1. Scan the stretch 276-288 and tell me whether some residue there is modelled with pLDDT under 95, outside any loop (DSSP other than H, G, I, E, B) and out of contact with any Asp or Glu (no Cβ under 7 Å at 6 or more places or on another chain).
2. So, in the stretch 90-138, exactly how many residues are among the hydrophobic types (A, V, I, L, M, F, W, C) and touching a residue at least 60 places away in the same chain (Cβ under 8 Å)?
3. For the stretch 120-131, does any single residue satisfy the condition of being surrounded by 16 or more Cβ atoms within 10 Å (Cβ to Cβ) and either assigned to a strand (DSSP E or B) or among the charged types (D, E, K, R) (or both)?
4. Can you name the residue in the stretch 168-195 that is part of a strand (DSSP E or B) and away from ligand 2 (no atom under 16 Å from the Cβ) and, of all such residues, is surrounded by the most Cβ atoms within 10 Å (Cβ to Cβ)?
5. Could you count how many residues in the stretch 266-284 are more than 26 Å from Asn213 (Cβ to Cβ) and surrounded by fewer than 20 Cβ atoms within 10 Å (Cβ to Cβ)?
6. Cβ-Cβ distance below 8 Å, separation of 6 or more or different chains: which pairs start in the stretch 247-274 with a residue that is within 20 Å of Val140 (Cβ to Cβ) and at pLDDT 95 or above and end on one that is among the small types (Gly, Ala, Ser) and in a loop (DSSP other than H, G, I, E, B)?
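The values are calculated or read from the model by the stated rules, or taken from the named source; none is laboratory data. Only a predicted model underlies this, so the values are computations on that prediction, with no experimental measurement involved. Cβ coordinates were reconstructed from backbone atoms using ideal geometry, including for glycine residues, and neighbour counts include every protein chain displayed.
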Amino acid sequence: MKIGILSRNRKLYSTKRLVEAAQERGHEVRVINHLRCYMNIASFKPSIHLDGELLSGFDAIIPRIGASVTFYGTAVVRQFEMMGTFCLNESVAISRSRDKLRSLQLLSRKGIGLPVTGFAHSPDDTDDLLNLVGGAPVVVKLLEGTQGKGVVLAETRNAAESVVEAFRGLNANFLVQEFVKEAKGADIRCFVIGEKVVAAMIRQGKEGEFRSNIHRGGSAKLIKITPEERSTAVRSARIMGLNVAGVDILRSNHGPVVMEVNSSPGLEGIEGATKKDVAGMIIEYIERHAKAGKTKTKGSG
Ligand code: ADP
Ligand code: MG
């Protein structure tokens with residue numbers, strides 16, 4: 001097969017591992033910098049070009065779109081879909097997962113356990129908004145943050161009000177969430193491929209830090225998840241429409257609650273913690289599922 005990986009940096013661990021895994025299985029693989037692609041969207045024969053070359057003949061595309069370039073990155077994925085190329089995760093699903101509020105609303109509608117979460121815009125209702133999620137301590141999150149940036153723990157009501165007002169002053173979209181204290185600074189990353197959790201790790205924030213992100217100094221190790229956590233992760237990925245997803249779960253007093261569903265989950269942490277060949281499993285999934293014209297949405301929506 002000819003596989004394209006949309007990635008801006010071939011030196012990244014995840015990109016390197018996917019290239020290796022594809023080559024080991026005898027595939028031709030190419031890393032494509034999606035920001036350098038340009039497209040003919042009006043033609044009846046959609047095309048994608050890079051540095052004067054027409055990109056063609058790909059059997060599958062693996063999108064690894066960074067959060068800062070979701071807009072253009074998903075446009076490139078959509079164009080591949082229009083050309084009938086199988087994309088591991090589709091553009092609509094990627095956009096959906098990048099918007100935390102939209103994701104949480106979709107998951108909630110399908111009965112997935114979530115931390116109690118509030119969202120508001122106008123400046124007068126801070127007080128009631130905080131009551132809605134049970135009062136301080138609360139977690140306040142920017143809607144499009146990643147790697148723990150833009151996630152603040154407000155331990156007192158005063159602190160919560162100040163943070164909410166500061167975010168409002170910046171005209172940023174944010175949500176206010178019940179602080180799941182009993183998770184003790186740890187969360188569980190379930191790596192889903194197709195209908196299966198193929199690997200899971202627990203991430204523990206560094207001493208004194210409630211955010212477990214590896215980028216914030218957290219550490220990861222292998223964990224055995226419960227059947228309830230497993231089905232929560234698989235259902236969440238399915239609801240988002242993602243074939244490959246990193247589903248982040250907190251262990252709360254009211255069962256597993258989903259914090260977010262990531263459409264380009266990193267491989268370094270999960271392969272390091274579980275010693276599993278997750279990149280190989282992704283390529284195997286593509287071998288089993290990639291067929292021309294098999295994209296569900298054909299770039300619509
Ligand atoms: P990001 O997209 O920046 O990673 P997250 O929503 O995943 O943002 O939050 C970052 C980390 O903060 C999580 O991995 C988790 O450890 C912690 N966290 C987030 N929300 C809560 C919450 N409601 N209760 C307890 N801890 C939380
Ligand atoms: Mg996270």
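1. no
2. Qualifying residue count, the stretch 90-138: 10.
3. no
4. The extreme case among them is Val176.
5. Qualifying residue count for the region: 1.
6. Ser252/Gly113; Val257/Gly113; Val258/Gly113
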